[in-house]
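**Q** Structure in structure tokens, see below.
Here, each number is a calculation from the coordinates, and none is a lab measurement. This structure is a prediction, so every number in the text was calculated from the model and none was measured. A quick note on method: Cβ atoms are made from the backbone with ideal geometry, for glycine too, and the neighbour counts reach across all protein chains shown.
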Amino acid sequence: MRKTPKIINDPNACAAELLDGLVEAYDGEAKKVGAGSIVMSDLPDGKVALLVGGGSGHEPIYHGLVGSNMADGAACGDIFAAPPPNIVLEATQAVDRGKGVLYLYGNYAGDVMNFDMGAELADDEDIRVETVLIWDDVASAPPERKEDRRGIAGLVLIVKIAGAAASTVDSLDELVRVTTKARDNTRSVGVAVAAGSIPATGEPTFDLAEGMMGVGMGIHGEKGVRVDPLCTADEMAPQLLDIVFGDDLEFGDGDEVILFINSLGATTQMELLILNRAIKPLLAAKGIKVYDTVIGDIVTCQEMAGLSVSLLKLDDELKKYWDMPCQSVGYSKM
Amino acid sequence: MRKTPKIINDPNACAAELLDGLVEAYDGEAKKVGAGSIVMSDLPDGKVALLVGGGSGHEPIYHGLVGSNMADGAACGDIFAAPPPNIVLEATQAVDRGKGVLYLYGNYAGDVMNFDMGAELADDEDIRVETVLIWDDVASAPPERKEDRRGIAGLVLIVKIAGAAASTVDSLDELVRVTTKARDNTRSVGVAVAAGSIPATGEPTFDLAEGMMGVGMGIHGEKGVRVDPLCTADEMAPQLLDIVFGDDLEFGDGDEVILFINSLGATTQMELLILNRAIKPLLAAKGIKVYDTVIGDIVTCQEMAGLSVSLLKLDDELKKYWDMPCQSVGYSKM
Amino acid sequence: MSKANLTLDEVVAMLDRVADKIIASEPELSEADRNIGDGDHGLGMQRGLTAAKEKLAEGGFPSIDKAFMAVGTAMMSSMGGASGAIFGTLFRAGGKALKGQGVFDSAGLATFLQAAVQGVQDRGKAEVGDKTVVDAMVPAAEKAKGTSEGNLTEALAAAADAAEGGKEASKDMVAKFGRAKTLGDGAVGHPDAGALSFTIIMQAMRDYVNE
Amino acid sequence: MSKANLTLDEVVAMLDRVADKIIASEPELSEADRNIGDGDHGLGMQRGLTAAKEKLAEGGFPSIDKAFMAVGTAMMSSMGGASGAIFGTLFRAGGKALKGQGVFDSAGLATFLQAAVQGVQDRGKAEVGDKTVVDAMVPAAEKAKGTSEGNLTEALAAAADAAEGGKEASKDMVAKFGRAKTLGDGAVGHPDAGALSFTIIMQAMRDYVNE
Ligand SMILES: Nc1ncnc2c1ncn2[C@@H]1O[C@H](COP(=O)(O)OP(=O)(O)O)[C@@H](O)[C@H]1O
Ligand SMILES: Nc1ncnc2c1ncn2[C@@H]1O[C@H](COP(=O)(O)OP(=O)(O)O)[C@@H](O)[C@H]1O
Ligand SMILES: [Mg+2]
Ligand SMILES: [Mg+2]
Ligand SMILES: [Mg+2]
Ligand SMILES: [Mg+2]
């Protein structure tokens, strides 16, 4: 397969350079901190802080979710690599305004270990840190083993809610409560149809035979629930929803949800919209009302082709936070 | 080259199905009208109307730019094909609130002929129509032949301004004036590194030898100014800016601009950010202040790889319209 | 068995044959557009003439002009793109000029083509040499003018050859209109896609009367 | 010419050799991770040991424990990812246990490996059989315990073989941790990438003392 040509400089410097470019994209609203963090420039005193982060190469997440009523900062690792503890610490110190810091990131071993070490270092500096892990990928482990699940595109919805809450609440505990609720109310499932490649090597991150789809695969190509011949959008929609509805969170008559259809990179918005056309009647048939639909490529893996479907079940409190405007490179809302 | 697998149904029904899915993405805020238009549901009486449109397959434009403080409606054609006159008429009738309708679209022969025929039909129905053509691609013809230039990614900035103005101004003439100013203050240039494919045939829209880049190429693969070996992002940045600065619009010390770096599809946000890192110092060196940076894949051609750089030169009036919040599937702002 | 002139039913059958021929040529037409434009010309023509076939099958045309115009209207409202406007106009303007004619003969062909050229040029502003469908239409119209008192079979054969010649000549031209407009000399060596479509249309008409 | 024990300078030279070996193995390590994870393990190790080489070149270590720890700190703060935490901890925890030792000998190797296993397991919670670096580390540490009164050359040779055996055994395991964690039996047949790195590290140490 001919490789997608990349417009970069030194293939080993991509993570560092994209972070510089991202900071520039904020036109002063955010600044670079330490070796690999981006932090909002004017964080008010007494604000409860929200820190996100993870490996680079999945742009615009996580670092592109820094913004107004979004994350206060992000600790960024190299391509597909969790940020090291010293970077986590630098970001933590930069966002803390005395009320403590919530770490919100995807549940991957590398991220957990490095953020935990960062939290230990922050503790030495007397900064209070709490952690909420994102594990929305229902295809990655059964419901009894939530802590083994991966975090995928549902993170965008969770960070949006947490960011709005962090601008509003008075205490870290309150932010943990709201964010945990958003996390617990979110379910996602993905499908991969072609691999992205690692910029430094040009190698695809996984192998998938031509004409096949990996149902439930993760955003780095982690194994899903099955590999089948690629089907149509109309056939795919019920398969994906069945996986979500088969999980432990009830979605039923009268429930209101945020629906997010995410492209993993090269899959076009045309395709996301065609899938949306197939999904909406299936939700309606269950009596589920879509409060807001988000369509976009916000959680990507380079030029990987595939998509994911995420549902966030709302209650009045979550709706209030969802309705707040927000602005970031990755997701904005009027 | 192995084709990017597409998640679709009938390859010949993509345009119709994506429009249905797009309407669904608006969750009631917009509705489908006639054979191929999308129109905001609650347009106030007396509003000056903004109608955009063009071929499908470039999602999220144009139809994804319908929204609050954005376009009131869009007339959509089949994949890469301007909408037929009857669809333009249906959209025109649906958005008109008695103050007339501005047609704002890219300068392609098919679009011009079909929208002109639509305007003739609208005239029969006593609806006043004015037209502003978007021709921001400086690489497509010399400045003396502006009317031969293509419309590319700069359209997003122009539609954003026009949409804000359309919510504000009292008369169609005033909307034409503001929109024309935004159009005349916008310049873009693109570069292609790999072709997208037509969903119905799977064929790439153009041929570009491996390892090469088409500087100045259009979003359908129209010829640019030269084909060179693919260079680094740092080398590309000054080449693209030189083409823009070589044009008739002065960009100089003290000017404020909106900078938009757009991906044509498969080019990642990582790459856009790495290019942004290279562009910002070049603008700073000329004394140009970036008022706002937009990074995203809003004007695409399926899984085409490549990007474009657009600059919109602001004045106080344009800045006022830029600052207004807006919401659409394709572009939103807090 | 060649025909001197065509009845309304035969005109409808001929147009149906034209539609079949264009639909079958989709890959060739798309490929032609890929070389000079965005590669969708065959798909647009296929869409337009599929819609036209439906209209033709519905029937109920009072006269031959309405049959031609129905094809044009179907194309114009289903295709979009440059070719929807151009080929829609071609059949609508050409058809309109046949008003009052009971049969389609060599004089009708000349009338049809002349009005079609006028309509297409009014709409698209292209001149001969701009690498558009006009380059195939103008020679065909001129040839038909010269054969307008002869036999329809021969007139169509001559017009089809003239169209083919114009299409071939378009290979050396630099495109000025449509999505190909700024390809400049990158398109030299390839014929214009719309000129190819027009040639296939004329050949299908010729082949129909030759059967 | 094999060595019974290593001076501080030799330890630094040995660690530099380890770094070179890992850096050169980048493609092999990335490929191993591609089969079970996200394909970046070689790149991370390359980054970490390039940073470690810089620290080693700066020199100025008061004792051998600090040299090992400097490698760990450099890896931990430059790599990120699971392996940054794991291999950083490996060298830091292992090195820390060597405090007060003037030379590096077979007893030191046993001490180093035992503390490294402890640190890595405290950090990552992986057990033998979970298809991680632990599967290569534990057999090596156990072997080193048994050879801790013998010759360093032989101890390192035995530990390297034990690591290699553990790495081979990891082929049949189902991954539970890291980006590979949910690959499940899809990764069966491929060794764990971190176990391969650890094996290469032990082999490079063995080869250094064997020269
Ligand atoms: N202004 C024009 N006048 C006449 N013919 C034109 C004009 N513009 C385009 N065409 C014809 O249309 C053809 C392209 O049609 P098509 O590919 O279907 O549309 P699009 O250019 O919108 O993709 C060209 O090959 C040319 O023959
Ligand atoms: N919890 C853990 N305990 C021990 N080793 C681990 C653990 N998680 C991952 N590893 C090791 O890390 C290796 C993967 O490293 P690497 O690819 O660099 O990180 P990432 O998984 O973040 O991409 C695995 O092959 C495994 O040996
Ligand atoms: Mg990784
Ligand atoms: Mg087209
Ligand atoms: Mg075309
Ligand atoms: Mg890895």
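**Q** Which chain D residue puts its Cβ closest to the axis that rotates D onto C, and at what distance in whole Å?
**A** Residue plus distance in Å, as requested: D:39, 17.
**Q** Next question. From other protein chains only, count the Cβ atoms within 10 Å of every residue's Cβ in B:290-302, then give the mean.
**A** 4
**Q** Net charge near residue C:143, counting Lys/Arg +1 and Asp/Glu -1 over other residues with Cβ under 15 Å of its Cβ? Mind dumping the intermediate values first?
**A** On the way: positive: C:145, C:167, C:206; negative: C:135, C:142, C:149, C:154, C:161, C:164, C:168.
Once positives and negatives cancel, what remains is -4.
**Q** Roughly how crowded by other chains is peptide B:55-61, in terms of the mean Cβ count from those chains within 10 Å of each of its Cβ atoms? Could you put the intermediate results ahead of the total?
**A** On the way: counts 5, 3, 4, 3, 7, 7, 1.
The mean count of partner-chain Cβ atoms within 10 Å per residue comes to 4.
**Q** Next question, about the same structure. Cα-Cα over 21 Å: which of A:286/A:320; B:160/B:320; C:145/C:167; A:181/B:333; A:280/A:313; C:3/C:143?
**A** Result: A:286/A:320; A:181/B:333 exceed 21 Å.
**Q** Treating the beta-carbon of each Lys and Arg as +1 and of each Asp and Glu as -1, no other charges, what is the dipole magnitude of the protein assembly as shown about its Cα centre, to the nearest 20 debye?
**A** Magnitude of the dipole: close to 40 debye.
**Q** List the distances, in nm to one decimal, from the label point of residue D:154 to the label points of the same position in every other copy, shortest first, placing each label point 7 Å from Cα along the Cα-to-Cβ direction.
**A** Those separations, rounded to one decimal, come out as 11.1 nm.
**Q** OK, next. For B:103-115, what's the mean count of beta carbons from other chains sitting within 10 Å of each residue's beta carbon?
**A** Working: counts 0, 0, 0, 0, 1, 7, 17, 16, 5, 6, 15, 8, 1.
Counting other chains' Cβ atoms within 10 Å and averaging over B:103-115 gives 6.
**Q** Projected onto the charge dipole of region C:52-153 (+1 at Lys/Arg Cβ, -1 at Asp/Glu Cβ, origin at the Cα centre), which of C:109, C:61, C:86 gives the Cα projection farthest towards the positive end?
**A** C:61
**Q** What fraction of the DSSP beta bridges in the protein assembly as shown is antiparallel, stated in percent and rounded to the nearest 5?
**A** On the way: 66 of 118 bridges.
Roughly 55 percent of the beta bridges in the protein assembly as shown run antiparallel, per DSSP.
**Q** Could you pull out every residue, at least 5 positions away or on a different chain, whose amide H is within less than 5 Å of the one on residue A:50? Hs are placed 1.01 Å off N in the peptide plane, and Pro or chain starts have none.
**A** A:72, A:73, A:102
**Q** At 222 nm, what value in deg cm²/dmol follows for chain C if DSSP H runs of at least 4 each add -39500 (n - 2.57) and the sum is divided by all its residues, to the nearest 500?
**A** -23000 deg cm²/dmol
**Q** Which distances in nm, rounded to one decimal and ordered from shortest, link the label point of residue A:29 to the equivalent label points in the other identical copies, with labels set 7 Å from Cα toward Cβ?
**A** 1.7
**Q** Lys/Arg Cβ at +1, Asp/Glu Cβ at -1, dipole of chain C taken about the Cα centre: which of C:77, C:4, C:14 is farthest positive-ward?
**A** Result: C:77, furthest along the dipole toward the positive end.
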